[in-house]
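The values are calculated or read from the model by the stated rules, or taken from the named source; none is laboratory data. Computed from a predicted structure; not experimentally measured. Counting neighbours? That spans all protein chains shown, and the Cβs are built from the backbone with ideal geometry, glycine included. Only protein heavy atoms, including side chains, enter the accessible area calculation; ligands, DNA and RNA are left aside. Shrake-Rupley method; radii C 1.70, N 1.55, O 1.52, S 1.80 Å.
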Amino acid sequence: MDKFIYKKSAGITALSASITDFTYKKHSHKEYAIGVTLRGIQHYNLDGSLQLSYQNGVMLFNPEQAHDGMAHDKAGLDYVMLYIEPQLLLEVIEKKDLVRFSTPIVYDYRIEKRILNLSNAILSEKDEALCNELLLSLADSLIQTNLSTDCKKDNASIRKAKDMFHTNLDNVLKLDEICKELNLSKFQFIRLFKAHTGISPYQYFLNCKIERAKQLIEKNGDIYSAVADCGFVDLPHLNKHFKSVYGITAFEYMSHLK
């Protein structure tokens, strides 16, 4: 049976998941996502290439890196994941500019152990001070192995389009307005956007709405204001899309935070 448990502490979201049949829709996160495959094989497409994370594999996702995800076979999959805000990670490693993971999967016992220590602390609701110390320990091990400052910059048109998306999350996607602003045809824009992000403009916009709804639920504990503020038709509409990215409905996610 598919199971997803979310907890949040010290600005980090931890996920403990077991999946057999569930498949994540192609999406991206604004956070760094760092996880460990505990059992089975994690099967996902990242930047156009297939990745397989076997037991003890450490999975490293950069912000806004589009991916899907599923169990590789009927044996299913257990894993943990940490979602860390870019500004928080940069503060911990004392960098100003965004850094990137240079390898999507590594087998490094030290990093694995530190991910598990931090995820266990968050999931078992240990003190925030302890979680901060464990984050520092994890960040130190990441710096020594996998972080690169060779950061791929967004095309200026793509950056502008993303900014326009974020200012219109309570509405429908106004592709015509964006294309007019960028002086591109709709099809030129869709092709350019997918080439740079690995995801379509519509899916990116929808992901932004889902992520914004998640933030509002965490902040206010009011699921219905999240529905209204993010332009979803009703709660079932939000729940359906939320589940495709997070494995559980928005309503279930809210109950995890209590």
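Looking at region 40-55, which of its residues are of a type outside the set (A, V, I, L, M), in contact (Cβ under 8 Å) with a residue 12 or more places away in the chain and loosely packed, with under 15 Cβ neighbours inside 10 Å? Selection gives D47, G48, Y54.
Scanning region 1-22 for residues that are open to solvent by 40 Å² or more (accessible area, probe 1.4 Å) and part of a loop (DSSP other than H, G, I, E, B) turns up M1, D2, T20, D21. Screening I248 against (1) open to solvent by 50 Å² or more (accessible area, probe 1.4 Å); (2) modelled with pLDDT of 90 or more; (3) not in a helix (DSSP H, G or I) leaves a single unmet condition, (1). Among the residues making up region 23-64, those that are among the β-branched types (V, I, T) and assigned to a strand (DSSP E or B) are T23, I34, V36, T37, V58.
For region 128-146, does any single residue satisfy the condition of being without any contact (Cβ under 8 Å) to a residue 12 or more places away in the chain, open to solvent by 30 Å² or more (accessible area, probe 1.4 Å) and in a loop (DSSP other than H, G, I, E, B)? Taking every residue of region 128-146 in turn, none turns out to be without any contact (Cβ under 8 Å) to a residue 12 or more places away in the chain, open to solvent by 30 Å² or more (accessible area, probe 1.4 Å) and in a loop (DSSP other than H, G, I, E, B).
Could you check how many residues of region 118-127 are assigned to a helix (DSSP H, G or I) and surrounded by fewer than 16 Cβ atoms within 10 Å (Cβ to Cβ)? First the steps, then the outcome.
Within region 118-127, the first condition is being assigned to a helix (DSSP H, G or I), and the residues that meet it are 118-123.
Pick out the ones that are also surrounded by fewer than 16 Cβ atoms within 10 Å (Cβ to Cβ) and you get 120.
Qualifying residue count for the region: 1.
In the condition set (1) surrounded by 15 or more Cβ atoms within 10 Å (Cβ to Cβ); (2) at pLDDT below 90, D176 is compliant with all but (1).
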